[in-house]
Amino acid sequence: MYGLRGNGQKTFQRYEPGTDSWTTLAETPANMSKGSGLAYHAANGKIYATRGGGKELYEFTIGVPGTWTAKAAVTDNFKDGGALVSAGPHLYALRGDGQKTFWRYDPGTDTWITRADAPGKVEAGGAMVVVGNYIYAFQGKSDAFWRYDIASNSWVTLSAAPGTVNQGGALTAIGNTIFAYQGDSSALWRYSV
């Protein structure tokens, strides 16, 4: 498991479950703030990070300490609610910052393109996870829960979350079950796809 420290820091670490310990890796090229995203891209075995408070995208070549490489930037800053996921050959990013902007990144060509806007303005607590051919997302600062169809480039609104998702909201999946952390609380929810 890999993690960004955030909070205006450059610290990047890997967790070793077998020894219950953290290893500090190469620092990110810039300070990472609210709205930063992190995703492992299985298609090329690299890790990508978007920089909250900035437009940058960085690619991490796994190793100890590993290396970071600057990639193509987006047109607007990532902020609160910014999120990043990997799906198939691409990465997808929500801008956050009270915007509906949603992008797709192609690592093979190092290019970004705009995709269909999210159904609402993404705020702190915005989060995404991939299950099958879909991306599931929290809007943040609301109970809104959405599904994005990668093939048709379209969004639908799903049943609302059990409560308002706040800063720190997160999504992860095991098989067809999504686990959701509400943020600013200890609430953990489960959603079956």
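The values are calculated or read from the model by the stated rules, or taken from the named source; none is laboratory data. Predicted model only: the values in this text are computed from it and were never measured. Positions of Cβ are backbone-derived with ideal geometry, glycine not excepted, and every protein chain shown enters the neighbour counts. Calculation scope for accessible area: heavy atoms of the full protein, side chains included, ligands and nucleic acids excluded. Shrake-Rupley method; radii C 1.70, N 1.55, O 1.52, S 1.80 Å.
How big is the charge dipole of the range 1-126 about its Cα centre, in debye rounded to the nearest 20, if each Lys and Arg gets +1 on its Cβ and each Asp and Glu gets -1 on its Cβ?
Dipole magnitude for the range 1-126 comes out near 180 debye.
Given G81, W22, G66, which one lies farthest toward the positive end of the charge dipole of the range 6-113, if we put +1 on the Cβ of every Lys and Arg and -1 on the Cβ of every Asp and Glu?
Most positive-ward Cα: G81.
When ranked by the protection proxy of mean other Cβ atoms within 10 Å per residue, highest first, what sequence do the peptides 18-27, 120-129 form?
Packing order, densest peptide first, comes out as 120-129, 18-27.
For Q99, enumerate residues with amide H under 5 Å from its amide H, sequence gap 5+ or separate chain, H modeled in the peptide plane.
V122
Within the range 90-193, what whole-number % of the accessible surface is contributed by carbon and sulfur, with the 1.4 Å probe and all protein chains included in the calculation?
With neighbouring chains kept in place, the figure for the range 90-193 is 44 percent.
Accessible area per residue, 1.4 Å probe, Å², for the chain: what's the number?
Counting only protein heavy atoms, the per-residue value for the chain is 47 Å².
Rounded to the nearest angstrom and ordered from largest down, what semi-axes does the equivalent ellipsoid of the chain get from its C-alpha gyration tensor (root of 5λ)?
24, 19, 16
Starting from the exponent 0.38 and prefactor 2.2 Å, build the expected Rg for the range 105-193 from its residue count and divide its actual Cα Rg by it.
It is 1.10.
I need the phi-derived Karplus couplings for the range 59-67: 6.51 cos²θ - 1.76 cosθ + 1.60, θ = phi - 60°, integer Hz, Gly and Pro marked x.
So the Karplus estimates, Gly and Pro as x, are 10, 10, 8, 5, x, 10, x, x, 9 Hz.
So for the pair N133, S152, with labels modelled 7 Å out along Cα→Cβ, what separation do we get in nm?
According to this spin-label approximation, the distance is 1.0 nm.
What are the ³J(HN,Hα) couplings of the range 19-36, residue after residue, when phi is run through the Karplus curve with 6.51, -1.76, 1.60 and θ = phi - 60°? Round to Hz, x for glycine and proline.
10, 6, 9, 10, 10, 7, 10, 4, 5, 5, x, 9, 5, 9, 10, 3, x, 5
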